[in-house]
């Protein structure tokens, strides 16, 4: 004798299909399967009675409601763009803005760098060369290296910049 009936066997019974003889014998002898079968009959009857209650949809009304929804979404999309920027972004405006950013930022940085460089050059003070007689007198008292050692911090910085400028100028000439 086979085991309990499966769900598909109960579905076949509800739909009116003729069960095999072994299933009929099992259903008569098994209290559990008979109880499941008896509880499913009213449920199936209730579900099948709902089939007649479902009305046919009005396709014209459905079509117009879908069209209205799609149109309202496109209007909403336009207003979202307007709300975010305050005005409708047009492709020409977007291109102009991107061009302004692409050209304006590097140009501004370059000009700022040039101004910074010109300020650095203007702060360097160039001393007037000493007359030859003073150089000779100064040479007897101190050596050049002693004078370099005695420079203040700002003077050392200016001296370093002069040496670097002379070195870079010599490299350009080569």
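What follows draws every value from the coordinates through simple rules; no lab data is involved. Remember, predicted model here, so these are calculated numbers, not experimental data. Glycine also receives a Cβ, built like all others from the backbone with ideal geometry; neighbour counts cover every protein chain displayed.
Prolate is the label for region 8-58. Its Cα gyration tensor axes, ordered a ≥ b ≥ c, give a/c of at least 1.5 and a/b above b/c.
Label sites at residue 92 and residue 58, each approximated as a point 7 angstrom past Cα along Cα to Cβ, lie 4.7 nm apart. A crude spin-label estimate for the pair residue 18 and residue 162, with each label 7 Å from Cα along the Cβ direction, gives 12.3 nm.
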